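These notes are about the structure you will find just below.
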Amino acid sequence: MSSSPRVPLGPFEVSRQGYGAMGLSHVYGQAEDAESIATIHRAIDLGITFFDTADIYGSGHNEELVGKAIAGKRDKLVVASKFGNRLDREQSGRGLDGRPEYARAAVEASLKRLNLDHIDLYYLHRLDPQTPIEDTVGELGRLKAEGKIGGIGLSEVDAEILRRAHKVHPIAALQSEYSLWTREIEDEILPTARELGVGFVAYSPLGRGFLAGAGPVEEGDRRNLHPRYQPEAVAANSQRRAVAEKVALRLGASVAQVSLAWVLSKNVVPIPGTRRITHLEANWDANDLQLSPADVAELEAAFIPGSTVGARYPAGASPVPARATA
């Protein structure tokens, strides 16, 4: 079993891998709370200290679940959550909301669900194009000064928005999708984060399970709506995954471990999520898998940025909105 190294993430020190809790709220098929809590407890036992949730996951269920799981185990953990996707979008008529008053109401609600007195890292989950990023970050800075949050994060913003936000208040971390089959951030976003000293968190580092070898998914699994999980895309992308499988066979590892080791080699913090303890333990062992320069080159030649078949999200659900108000 892997050791538990610590790495910097903005002002924090966290485990080399974090844990993404989204899948514990029925996003990828039915989940059982007892099994989910046991998995989080095992993650803590392994040495994972960084846990990621959001108010929109399960419409609050995920935060409540994480809060129950870490009760009595909070010491030395870094807990992250997100706001900005309104839970009451049908009633409010507003899907994305980064207004200062909503940020304040959202953090209070998240604190209650998590049963915490502060949230270590609090992200704007998605950019609100109607609210200047300066207004949102300004209010998050005030919430930090009040001790309600420990650091400000952003998710799925471009380099320009990151720079504007960072001028208002230092941004602790940027979270975006990053894996072998989603590498577009390497061009400008990741270099900008590094230039500014902003930590980087990679969500979906296993391509929502595809890079772990996932095949057809069960009814009710949200991946059925994703373009990359449609039959033609799966067939095309499986040819690329075969290269990772070949590398894995050569190294005596799983394709998931090879895919995670590649992300880890980029000095970012991945947050793979699973509700199975066996998968959790296998993911954690990727910490000890060393890829040679030749291995990395072989993988990257198969997964050239922009070559993955299928959009990242279903039509109308892009994580990147139109340009935000300046």
Would you check if N237 is of a type outside the set (K, R) and assigned to a helix (DSSP H, G or I)? yes
Take the stretch 79-121 and flag every residue that is over 25 Å from F200 (Cβ atoms), of a type in the set (K, R) and buried (at least 16 other Cβ atoms within 10 Å of the Cβ). R86, R99, R104, R113
List pairs: first residue in the stretch 298-310 and polar (S, T, N, Q), second residue surrounded by 13 or more Cβ atoms within 10 Å (Cβ to Cβ) and assigned to a loop (DSSP other than H, G, I, E, B) anywhere in the structure, Cβ distance under 6 angstrom, at least six positions apart or on different chains. T308/W181
Of all residues in the stretch 267-305 being of a type in the set (S, T, N, Q) and part of a loop (DSSP other than H, G, I, E, B), which is nearest to the chain's Cα centre (by Cα)? T274
Under 8 Å by Cβ, and 6 or more places apart or on different chains, what pairs join a residue from the stretch 25-44 that is closer than 17 Å to V79 by Cα and surrounded by 14 or more Cβ atoms within 10 Å (Cβ to Cβ) with one that is modelled with pLDDT of 95 or more and β-branched (V, I, T)? T39/I277; I40/V66; I40/I70; R42/I277; I44/I70
Residues satisfying the stated conditions in the stretch 45-72, i.e. buried (at least 16 other Cβ atoms within 10 Å of the Cβ) and of a type in the set (S, T, N, Q): T49, T53, N62
What residue, among those in the stretch 246-262 that are under 14 Å from G209 (Cα atoms) and part of a helix (DSSP H, G or I), is nearest to the chain's Cα centre (by Cα)? L260
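Restricting the search to the stretch 102-130, which residues are touching a helix residue (DSSP H, G or I) at 6+ places or on another chain (Cβ under 8 Å) and in a helix (DSSP H, G or I)? Talk me through it step by step, then tell me what you get.
Taking the stretch 102-130 and keeping what is touching a helix residue (DSSP H, G or I) at 6+ places or on another chain (Cβ under 8 Å), we get 103-104, 107, 109-110, 113-119, 122, 124, 127-128.
Within the stretch 102-130, A103, R104, V107, A109, S110, R113, L114 meet the criteria.
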Could you look through the stretch 270-301, keep only residues that are modelled with pLDDT of 95 or more and among the small types (G, A, S), and pick out the one that is nearest to Q239 (Cα to Cα)? A301
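Going through the stretch 75-93 one residue at a time, which ones are assigned to a loop (DSSP other than H, G, I, E, B) and modelled with pLDDT of 95 or more?
Within the stretch 75-93, L77, G84 meet the criteria.
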Name every residue in the stretch 171-196 that is surrounded by fewer than 21 Cβ atoms within 10 Å (Cβ to Cβ), in contact (Cβ under 8 Å) with a residue 40 or more places away in the chain and either part of a loop (DSSP other than H, G, I, E, B) or over 15 Å from the mean Cα position of the chain (by Cα) (or both), in order of residue number. R183, E184, E186, D187
Sole exception among (1) part of a loop (DSSP other than H, G, I, E, B); (2) within 23 Å of K148 (Cβ to Cβ); (3) of a type outside the set (S, T, N, Q); (4) modelled with pLDDT of 95 or more for G67, by number: (1)
Note down all Cβ pairs under 7 Å where the first residue falls in the stretch 247-261 and is free of Cβ contacts under 8 Å to residues at least 12 places away in the same chain, the second is buried (at least 21 other Cβ atoms within 10 Å of the Cβ) and small (G, A, S), and they're at least six residues apart or on different chains. A248/S254
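The values are calculated or read from the model by the stated rules, or taken from the named source; none is laboratory data. This structure is a prediction, so every number in the text was calculated from the model and none was measured. FYI the Cβ positions are ideal-geometry reconstructions off the backbone, even for glycines, and counts take in every protein chain you see.
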